[in-house]
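The values are calculated or read from the model by the stated rules, or taken from the named source; none is laboratory data. From a predicted model like this one, the values you see are computed outputs, not experimental measurements. All Cβ positions, even for glycine, are placed from backbone atoms using ideal geometry, and neighbour counts span all protein chains on display.
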Amino acid sequence: MSRIVVVHGVGRQLDTAETLLAEVEPALRGGVGLALRRDPTLGRLADGDMSCAAYGDLYRQPGTRGEPYYQAADVELGFEAELLEAWWREAARLDPRIPGPDAPGPNTIGPAARGGVGRLAGRPLSVDWVRRALDALTRTRFFGAVSDRLLISDLKQVRRYFTEPGLREAVRARAAELITPDTRVVVGHSLGSVVAYEVLCALGPERPPLTLVTLGSPLGLGGLVFDRLQPAPEQGGSGAWPAPVKQWTNVADSADVVALVRELAPRFGPEVRDLLVHNGSEMHSMRAYLTAVETGTAIAEGLAR
């Protein structure tokens, strides 16, 4: 059984566990290799140490080729519009050249939008507003390589995970079946960090200790993600700590628009080790995160435990 389980994020509908492993394994080995150059006493990788929890096929629509041809009008009011706005505001904060939601421009949903689209329940969502958001995001270094169609698809995948219990359960089952007593490290990227966290929270403390490594994680995003987690955060606002996890390292790029809250320690406790990296133009790329020496060190430490 694999000592390392990797859980991917959205946008991998055409991948299987085998195709993901072909991409992930060289990157992860590269990051661990860099870590071993710094500290040869860390844990090393062996053949067969790695597996990928693939769930993208659960999002594929039967009888279709690829993704539906989503357009601005397909973005739904509520979760999707709020997440889109959150990404948009962060992109504008990171790059002053990108106009934010409050900049002058077409806004047919009215002044109330200045306070956040989440306050517009029951009112139609302006297509012009969505187009402004999409235009702004496609000017960023990461989303600039993503079409509007795929960006909207990503919004819908995140929304569906949190609002469709059957899908959520099926996604988590893909990861849970790979985590065995032999597993020492679980790596979750983007939405995969949410999946990994929820799966580990469902495990009891009696199993062997684990290391959790989260990459480009949205776990700390209040309202849309953090407050929807299972188990729910405690009344004081602290997220539950997964019982089997003895070490948790969270790695985030300082310009990652998706990882809106880059430090998870304030949400989940000071035991979380938050690290910043610089992935260049691939700030949210799973490959770029895995090849970072910080990620490799966290994984190698977990293997050495």
Six or more apart or on different chains, Cβ atoms under 9 Å: show the pairs whose first residue is in region 55-75 and more than 25 Å from Val7 (Cβ to Cβ) and whose second is surrounded by fewer than 18 Cβ atoms within 10 Å (Cβ to Cβ) and modelled with pLDDT of 90 or more. Gln71/Val127; Ala72/Val127; Ala72/Asp128; Ala72/Arg131; Ala73/Val127; Val75/Val127
In region 242-260, the residues that are at pLDDT 95 or above and under 18 Å from the mean Cα position of the chain (by Cα): Pro242, Trp248, Thr249, Asn250, Val251, Ala252, Asp253
Whether any residue in region 23-41 is surrounded by 15 or more Cβ atoms within 10 Å (Cβ to Cβ), small (Gly, Ala, Ser) and in contact with a Pro (Cβ under 9 Å, 6 or more places away or on another chain) is what I want to check. no
Those helices (runs of 4 or more DSSP H) lying entirely in region 145-239 with at least 2 residues small (Gly, Ala, Ser) and over 16 Å from the mean Cα position of the chain (by Cα): 165-176
Enumeration of residues in region 263-305 that are of a type in the set (Lys, Arg) and in contact with a strand residue (DSSP E or B) (Cβ under 8 Å, 6 or more places away or on another chain): Arg273, Arg305
Answer yes or no: is there a residue in region 42-53 that is out of contact with any Cys (no Cβ under 9 Å at 6 or more places or on another chain), surrounded by fewer than 20 Cβ atoms within 10 Å (Cβ to Cβ) and among the polar types (S, T, N, Q). no
Subset of region 41-78, residues over 21 Å from His8 (Cα atoms) and not in a loop (DSSP other than H, G, I, E, B), comes to Ala72, Ala73, Asp74
Close pairs from region 197-210: first farther than 10 Å from Ile179 by Cα, partner polar (S, T, N, Q) and assigned to a loop (DSSP other than H, G, I, E, B), Cβ under 6 Å, at least 6 apart: Glu198/Gln230
Only residues that are surrounded by 15 or more Cβ atoms within 10 Å (Cβ to Cβ) and either part of a helix (DSSP H, G or I) or not assigned by TED's automatic domain parsing to the domain that holds Leu221 (or both): list them for region 255-287, please. Arg267, Phe268, Glu282, Met286, Arg287
Within region 213-257, how many residues turn out to be of a type in the set (Gly, Ala, Ser) and closer than 22 Å to Ala298 by Cα? 9
